[in-house]
């Protein structure tokens, strides 16, 4: 037992060294700020407690097991049967591989879900689009800035809106529309404040009507609805309809296709796009695809400082901002893959140890089979098949657990990928291949041993 405690403390020291060395890499990989709590006494006491308990448990099992042997039978060579000796090891291997299979299948489905959502249409073109806050004189000089940027070829269009399109948070209540049912005025409707050029800049598809136009002063009291808002309001012919928004009567001049501005995993919410200059806080710029991005940004920076010299040209690419919406899922997938790799390594080590133990205990059996004409391939198959059975048991358990948990996880999203049986099939064959890779050397080595060596004492 003392040796087990020593090994546990060596493992603790080794793990601390690995944590210190790998911490920067792990921090950058998952994008989470991590640090070792050197001054936290409870953390160290917990680590020491776990180490001691692990060492005691690891040493107590063989000590108790050996104490059960009958000395007379041991001296006669009558040990416990191979079957009862291996069973605890088999259980541990099954648990290890079950855990590994769950992690592998889960990580695959996490990335399938991310790629599925990324592949869905979002209703606007985020490529070549940058956004920046509207500060200082830019409130009044935006149209001049826009015209100047278009004239030098830096952008194709620009618009001022309330917030970046990927982080909109505004909503209004007490909205009224024709044919409104009792209680519907209490439904919050998300909204975006704009002036002009917004639909063209963000390339949002117009289904009916038109965008706000500078040459139409009446558009200052107009709104544009998305499909979800038209459905909520039960408007069969929305163009020209009057509704109350922000305690003022507004006229619907257009309907646009649903576009994603909130969570890409949720259904698109009803949205009102209204002309409201007082809410403006952001600028969207559509870069000119005929030029390089660096050239466009250089031109824009010079023009921006011309109209707004006391504020930085602090822009963000919209596609990068949109990618941040998948950050938590990507972190989950990355961590799942890392732990899956670690679990696979530990599982293969367990299989390797079990194969070595089994080959040692079955040495005489293997030698007798070889004398009776068994081939090396046949002996390898005989020794390997018991481990394949363990992997198959692990796969069945892990697949059931993964199926249930992934199904519950996917149901939390409005849009989600479906189950693909090939994920489970590929995981099964990969697990069997890893199993054979881990045990083959021990099996072949046992089959190559000279039978005389094992049977000399008989």
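The values are calculated or read from the model by the stated rules, or taken from the named source; none is laboratory data. A quick note: this is a predicted structure, and the numbers were derived from the prediction, not measured. Virtual Cβ from ideal backbone geometry, glycine too; neighbours counted across all protein chains shown.
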Going through the range 297-316 one residue at a time, which ones are in contact with a helix residue (DSSP H, G or I) (Cβ under 9 Å, 6 or more places away or on another chain) and surrounded by 13 or more Cβ atoms within 10 Å (Cβ to Cβ)? 299, 300, 303, 304, 307, 308, 311, 313, 315
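Every residue, every condition in (1) in contact with a strand residue (DSSP E or B) (Cβ under 7 Å, 6 or more places away or on another chain); (2) without any contact (Cβ under 8 Å) to a residue 24 or more places away in the chain; (3) closer than 28 Å to residue 328 by Cα, yes or no:
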| site | (1), (2), (3) |
| --- | --- |
| 248 | no, no, no |
| 264 | no, no, yes |
| 273 | yes, no, no |
| 277 | no, no, no |
| 288 | yes, no, no |
| 301 | no, yes, no |
| 307 | no, no, no |
| 310 | no, no, no |
For the range 131-159, what are the residues that are in contact with a strand residue (DSSP E or B) (Cβ under 6 Å, 6 or more places away or on another chain) and part of a helix (DSSP H, G or I)? 142, 146, 149
Looking at 383, 434, which is the one that is over 26 Å from the mean Cα position of the chain (by Cα) and either modelled with pLDDT of 85 or more or in a helix (DSSP H, G or I) (or both)? 383
Being in contact (Cβ under 8 Å) with a residue 12 or more places away in the chain and in contact with a strand residue (DSSP E or B) (Cβ under 7 Å, 6 or more places away or on another chain) is the requirement here; does residue 252 meet it? yes
For the range 247-258, enumerate the residues that are part of a loop (DSSP other than H, G, I, E, B) and surrounded by 18 or more Cβ atoms within 10 Å (Cβ to Cβ). 258
Selection from the range 65-113 of residues that are in a helix (DSSP H, G or I), at pLDDT below 60 and surrounded by 11 or more Cβ atoms within 10 Å (Cβ to Cβ): 65, 73, 74, 82, 85, 86
Could you tell me whether residue 269 is without any contact (Cβ under 8 Å) to a residue 60 or more places away in the chain, in the same structural domain as residue 318 (by TED's automatic domain parsing) and not in a strand (DSSP E or B)? no
Scanning the range 203-218 for residues that are out of contact with any strand residue (DSSP E or B) (no Cβ under 6 Å at 6 or more places or on another chain) and on the phi < 0 side of the Ramachandran plot, the one surrounded by the fewest Cβ atoms within 10 Å (Cβ to Cβ) turns out to be 215
